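Taking it in order: structure first as structure tokens, then the write-up.
The values are calculated or read from the model by the stated rules, or taken from the named source; none is laboratory data. Every value quoted in this text rests on a predicted model; they were computed, and no experiment measured them. When we count neighbours, we look across all protein chains shown, and the Cβ atoms used for this are built from the backbone with ideal geometry, even at glycine. Surface areas here come from the heavy atoms of the whole protein model, side chains and all, with no ligands, DNA or RNA. Shrake-Rupley method; radii C 1.70, N 1.55, O 1.52, S 1.80 Å.
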Amino acid sequence: MSDLLFPADPQTRAIARELYTQVAGLPIVSPHGRVDPGILADDVPFPDPAALLITPDHYLTRMLLSQGIPPGELGVRRIDGGPVQTDARRIWRTFADNWKLFRGTPSKLWLERTLRDVFGIDGPITYDTYDLIESRLVLPEFRPRALYRRFNIEVLATTESPLDNMSRHDKLDEDGWIGRVITTFRPDDVVDLDWLGWPDRVWRLGEISNCDTSTFDGYLDALRRRRRVFKKYGATSSDHGHPTAQVGVADDVAAIYQRALRGPVSMQEGEIFRAHMLMEFARMSLDDGLVMQLHPGAVRNHNRFLHRTYGRDVGGDIPQATDYTWALKPLLDAYGHDPRMRLVVYTLDEYTYTRELAPLAGVYPSMFIGAPWWFLDAPEALRRWREAVTETAGFYNTAGFVDDTRAFCSIPVRHDVSRRVDASFLARLVAEHRLTLDEAADTLMDITYSLPKKVFKL
Amino acid sequence: MSDLLFPADPQTRAIARELYTQVAGLPIVSPHGRVDPGILADDVPFPDPAALLITPDHYLTRMLLSQGIPPGELGVRRIDGGPVQTDARRIWRTFADNWKLFRGTPSKLWLERTLRDVFGIDGPITYDTYDLIESRLVLPEFRPRALYRRFNIEVLATTESPLDNMSRHDKLDEDGWIGRVITTFRPDDVVDLDWLGWPDRVWRLGEISNCDTSTFDGYLDALRRRRRVFKKYGATSSDHGHPTAQVGVADDVAAIYQRALRGPVSMQEGEIFRAHMLMEFARMSLDDGLVMQLHPGAVRNHNRFLHRTYGRDVGGDIPQATDYTWALKPLLDAYGHDPRMRLVVYTLDEYTYTRELAPLAGVYPSMFIGAPWWFLDAPEALRRWREAVTETAGFYNTAGFVDDTRAFCSIPVRHDVSRRVDASFLARLVAEHRLTLDEAADTLMDITYSLPKKVFKL
Amino acid sequence: MSDLLFPADPQTRAIARELYTQVAGLPIVSPHGRVDPGILADDVPFPDPAALLITPDHYLTRMLLSQGIPPGELGVRRIDGGPVQTDARRIWRTFADNWKLFRGTPSKLWLERTLRDVFGIDGPITYDTYDLIESRLVLPEFRPRALYRRFNIEVLATTESPLDNMSRHDKLDEDGWIGRVITTFRPDDVVDLDWLGWPDRVWRLGEISNCDTSTFDGYLDALRRRRRVFKKYGATSSDHGHPTAQVGVADDVAAIYQRALRGPVSMQEGEIFRAHMLMEFARMSLDDGLVMQLHPGAVRNHNRFLHRTYGRDVGGDIPQATDYTWALKPLLDAYGHDPRMRLVVYTLDEYTYTRELAPLAGVYPSMFIGAPWWFLDAPEALRRWREAVTETAGFYNTAGFVDDTRAFCSIPVRHDVSRRVDASFLARLVAEHRLTLDEAADTLMDITYSLPKKVFKL
């Protein structure tokens, strides 16, 4: 078995290996992801290696952009009609030529291990790797559902907008396929007033839910109904990506809503509206039991060039300093001790771990600390996270690893990395006589498997 | 000797062990604590194990609360008249049933080592542990003064309000007992205008000091007189717990004082008043020589449920981001180079170590960095603190470990953990050829014993 | 070969040693420094050991000040006419008496290694060390140009104000000396309206550039001309030290300029002016190709006592929390993807690494992360920097080590420390199977030598 990521000290490494061995084969519980359910619904062979592994992965395209290679050269679709590289082999070569940029990043780890463990391809990334992958992709055992089985996934949550008609999930159900693919209620596109086209989407929300969204009350009704529908598709949680963690009741929310239907509102009104809606969603959670996930702190579309040329969600968001202590207080005041409430809070700002997130989760029963998110889902960052939050919040106020990925083939390695980092952290506690080996093994089992199932009600 | 907390690498561990051995037996200097002096004044046997070890320890009760077990079930008195568990054995069982929550926390370390080293009880926490402890508590060698001697405490500072009549300290003095238990001047309850009942307390301050506190000048006089009284009870320092580190002279402070006597003032006025009072206390320090301790950054009573049900000081405070660079400037401008001034600054916000605290203490002669405080008084956090502040401030601008605890029996293990972490950090510097073994040993002796005595004028 | 700073684990240490060996002998590339070019221009023997090693080093004088020894006792010139110690031997003794204060700091490392490697003096710092150094300083091989050769410096950038007449650089050129000493354009003294005497300096700027600086346009012209002159003296970059990273176009900048010529302006106007000027300098960089260096976050002259008694730049600056995500956005919006732009951003606030600096540099092609700056140019801080930024930005969006020092003799050891820390970090990646040994060796070569040459256009 590989010693990847285990500490070099022989004694600690031996303990880490022993701990890891006990969880290496556990099924994958993925309560928070971005995989397109259509992949599994259609179950057609993956397209070429570039379209599978490079073009849709922002971690890869943003790193190449940082060195002057625009996403279009990697096949990313432009919204301005400009030229895009469509030759998959050339995309792969551009990528292979710049492979050294990824040294020390999780992308390198993920891709190398995916190639080795999923595709059976060892060694460095070269031009030839393309052909090797391509030769696998035509085989039946490399079709999505076959991989799902091979990956030993117990449950996979995808993420849909309330506007999604669920046709892809329908197809999965109709097929009678045994995999458990559930949805997650992600309403940002109908909550974020700053997001271009919001009035249209609210109108479509009314249509899909058969509610009159011309009033704020009708809008809330529509959201409630869609949550009920999402629950039928297996949803156990909602997911909210906001620029800040601000929550708060706004007396004039209905008036802001009306103004926003008629035209643009100020950034401040957008913030007030989002803060109010988090409180509304919390109340809905009390009723319908959906776990509430909040991942705040990204300045969306910070990179103006990317946004103009390629649109949203192409790696152009940048984190900002995030307050939790004051921002979450209204919600915690209201429902922090309500047994019906469960709130999983993520962060892009690790400089809140010991000061805010661990103390909050370490006292409010409704709150759990989500796994390190985007930019922080890497070995060093995962390690720092455990080192920082455990002393105040313990292991049992954390929510377990989430892969948060669109890259289906990378799901196993991402969970494996998390298990290895946790095993290494626990091994150190054992080596330093802070836990017994039995305690560490039991803890690792819990945080790998039992805890995420419990926290996300799976 | 146990290798608890020493790095696993054999060479570094051997050095750490050698360094630690030289300080393991040094007397405990505890210049900043919360022990009730009545415990030592009365010297009666401790009550049951739950009342001794669980009920008064917020680290324990908040962790159980975070998993839905309210403090009342652990015996914490409610201010709303609600039911409280009074069966000590049941409290212990509730605690033992949830012992796994504390894995990876300092509470686990402290309690296990206290049981082993103080009570001679080894092994995991079970229901039976209760009886084992109980059987010790009736013995004379487990009465407070006997333990004080066994703990090898050289000096223990307690913390009192200016309103305290010092009867407990009187009793200690009258008894002619040889232990050195000194007080600390902690005036927050008469300085914090937001704290309910402030006018009454100010009136009592006038009474106890025989001053007319209906004027701001009289109020200052009263504080000065109480400080003189506290010095008679051994005080060498004052202690100030504020939501921020803000210091600053306010021209209209007397007017704010008058308004506050008549009714509630704004949060902003409360902040201005506290900032001004820090400057006043600094001036008093110039005269009477009390070392000024400032521990800012806690949002008091953040947890509304806890505050309403159980009152203050039950683990419901949450840290917030804390500025020092600008907040302390007025005080440092005025007295940062005055040899009569000594200011020990603590933090709940470790994300200020290299940016603010170390650069400030590394240039202003009056300022020292206090040991990592609440939430940060744990092995990983103590290690990060040394790693962060030492390169800019060295060892000699830090103030030595403080236990800051109400839990009398945990004092030895808390100091022991600090000595082990410091020994481990210094061992690494030796292993990496950054210090000689002699330099490391001399440094460890200094920061364990000589430095706190010097900084706190003990 | 010494194992200084290598991790203690034998396997990792062996890898670190092997990696380090391959770069230990590489020439020094120093693209950002503060050495007085007059030292090399005049090439006279260094004065006494105190004037060479103690008096001009703020790291040393501020640490002694923090323990109550004023800079005047170490020979630092006072601007208030007060007494200054001029006996070099007594200065040395004061320093030697307090040598233990530096345990755990980089100053200790730098000085001990400088004495050993440059002067051949081993062992602790004592009174006698003075005489040993003095005996070397009279020898021809210890004159500045001889040391420059011995240090194996390939290029050394000094830093000059636009008001500098370049006479020292002229002398270097006239001599036909082979060393490559280039200048850097550092215009803070004519950009910072808060800096006393700004109108006079702007008048001198007009004079030296033969422009009419009574108008804002003339002022911009003058700066453009000086940049052209600086390029003739080898400059490949400009350097900007601002209290914040704020950039932004101000419509009324010409009016602020006029008001500032006539008298003091507000702090806010000063901030607006600096922000605007960063945008102007960015535009100039598009034209003349100078790499733009920004090191924000220092509150200048925080220490009022130091400022009043000793003036500027004597160690009295203190960092403050620094925002990059919003502050840099206007510049990145405008030129973040312009191939003519290159921006190297430093920080005094390490609590922005994963949240802001790495995500920004990891997507904007024009931006690079500068090496850890003042207070962070030490082993632990350098290690934390690599651990934090690499996972998001990789190695190739960083700019290579800069020594940023006035202390000529310490240049080799500072670069050596950086090489050792990088080798140790890479060795851990190898030991944990995250990089192959070949990848690590190639990376270390790049970040030590090739990358700084490329980023700084050397």
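Residue-by-condition table, conditions (1) touching a residue at least 40 places away in the same chain (Cβ under 8 Å); (2) crowded, with 22+ Cβ neighbours inside 10 Å:
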{"site": "A:Arg406", "(1), (2)": "yes, no"}
{"site": "A:Ile411", "(1), (2)": "yes, yes"}
{"site": "A:Val421", "(1), (2)": "yes, yes"}
{"site": "A:Glu439", "(1), (2)": "no, no"}
Could you list all residues from region C:324-341 that are farther than 22 Å from B:Leu357 by Cα, surrounded by 24 or more Cβ atoms within 10 Å (Cβ to Cβ) and either more than 8 Å from every other protein chain (Cβ to nearest Cβ) or without any contact (Cβ under 8 Å) to a residue 24 or more places away in the chain (or both)? C:Leu328, C:Leu331
I'm told C:Leu360 meets every condition in (1) within 18 Å of A:Val299 (Cβ to Cβ); (2) assigned to a loop (DSSP other than H, G, I, E, B) except one. Can you identify the failing condition by its number? (2)
Tell me which helices (runs of 4 or more DSSP H) are completely within region B:182-261 and hold 2 or more residues being of a type outside the set (A, V, I, L, M) and in contact (Cβ under 8 Å) with a residue 60 or more places away in the chain, or say none if there are none. B:198-209, B:216-232
Could you identify the single residue in A:Arg201, A:Arg136 that is open to solvent by less than 70 Å² (accessible area, probe 1.4 Å), out of contact with any Gly (no Cβ under 8 Å at 6 or more places or on another chain), among the basic types (Lys, Arg) and modelled with pLDDT of 95 or more? A:Arg201
Could you tell me whether A:Gly82 is in a loop (DSSP other than H, G, I, E, B) and either open to solvent by 30 Å² or more (accessible area, probe 1.4 Å) or of a type in the set (D, E, K, R) (or both)? no
Checklist (1) under 21 Å from A:Glu356 (Cβ atoms); (2) modelled with pLDDT of 95 or more applied to A:Phe456, failing item: (1)
Applying the selection to region A:8-50, what residues are open to solvent by less than 30 Å² (accessible area, probe 1.4 Å) and over 27 Å from the mean Cα position of the chain (by Cα)? A:Ala8, A:Asp9, A:Thr12, A:Arg13, A:Ile15
Checking C:Arg406 against (1) at pLDDT below 95; (2) touching a Phe, Trp or Tyr at 6+ places or on another chain (Cβ under 7 Å), which single condition isn't satisfied? (2)
Exactly one condition in (1) open to solvent by 10 Å² or more (accessible area, probe 1.4 Å); (2) in contact with a Lys or Arg (Cβ under 6 Å, 6 or more places away or on another chain) is false for A:Val291; which is it? (1)
Can you confirm whether B:Gly362 is modelled with pLDDT of 95 or more, over 21 Å from the mean Cα position of the chain (by Cα), open to solvent by less than 10 Å² (accessible area, probe 1.4 Å) and not β-branched (Val, Ile, Thr)? yes
For region A:139-179, what are the residues that are surrounded by fewer than 17 Cβ atoms within 10 Å (Cβ to Cβ) and at positive phi? A:Asn152, A:Gly176
Go through region A:443-458 and give me each residue that's free of Cβ contacts under 8 Å to residues at least 12 places away in the same chain and within 15 Å of B:Gln67 (Cα to Cα). A:Lys454
Scan region A:311-321 for residues that are buried (at least 22 other Cβ atoms within 10 Å of the Cβ) and at positive phi and jot them down. A:Gly315
Is it the case that some residue within region B:295-310 is surrounded by fewer than 17 Cβ atoms within 10 Å (Cβ to Cβ) and in contact (Cβ under 8 Å) with a residue 40 or more places away in the chain? yes
Verdict on A:Arg116 being free of Cβ contacts under 8 Å to residues at least 12 places away in the same chain and open to solvent by 50 Å² or more (accessible area, probe 1.4 Å): yes
Pick from region A:343-372, criterion of a type in the set (S, T, N, Q) and closer than 13 Å to B:Ala321 by Cβ, ranking: farthest from the other protein chains (Cβ to nearest Cβ): A:Thr352
How many residues, within region B:284-304, are more than 20 Å from the chain's Cα centre (by Cα) and within 11 Å of chain A (Cβ to nearest Cβ)? 2
Would you check if there is a residue in region C:144-158 being within 30 Å of C:Asn98 (Cβ to Cβ), touching a helix residue (DSSP H, G or I) at 6+ places or on another chain (Cβ under 6 Å) and either touching a residue at least 12 places away in the same chain (Cβ under 8 Å) or assigned to a helix (DSSP H, G or I) (or both)? yes
Filter result for C:Thr12 (away from every other protein chain (no Cβ under 14 Å), over 26 Å from C:Trp373 (Cβ atoms) and of a type outside the set (Gly, Ala, Ser)): no
Subset of region C:373-415 (residues that are within 14 Å of chain B (Cβ to nearest Cβ) and on the phi > 0 side of the Ramachandran plot): C:Phe375
Only one of these conditions is not met by C:Trp110: (1) part of a loop (DSSP other than H, G, I, E, B); (2) of a type outside the set (D, E, K, R); (3) crowded, with 23+ Cβ neighbours inside 10 Å; (4) touching a residue at least 60 places away in the same chain (Cβ under 8 Å). Which number is it? (1)
Residue among A:Asp438, A:Asp422 that alone is in contact with a helix residue (DSSP H, G or I) (Cβ under 7 Å, 6 or more places away or on another chain), part of a helix (DSSP H, G or I) and within 14 Å of chain B (Cβ to nearest Cβ): A:Asp422
When region B:376-401 is checked residue by residue, the ones that are in a loop (DSSP other than H, G, I, E, B) and open to solvent by 10 Å² or more (accessible area, probe 1.4 Å) are B:Asp377, B:Tyr396, B:Phe401
Looking at C:Leu53 and the list (1) modelled with pLDDT of 95 or more; (2) open to solvent by less than 10 Å² (accessible area, probe 1.4 Å), which single condition is not satisfied? (2)
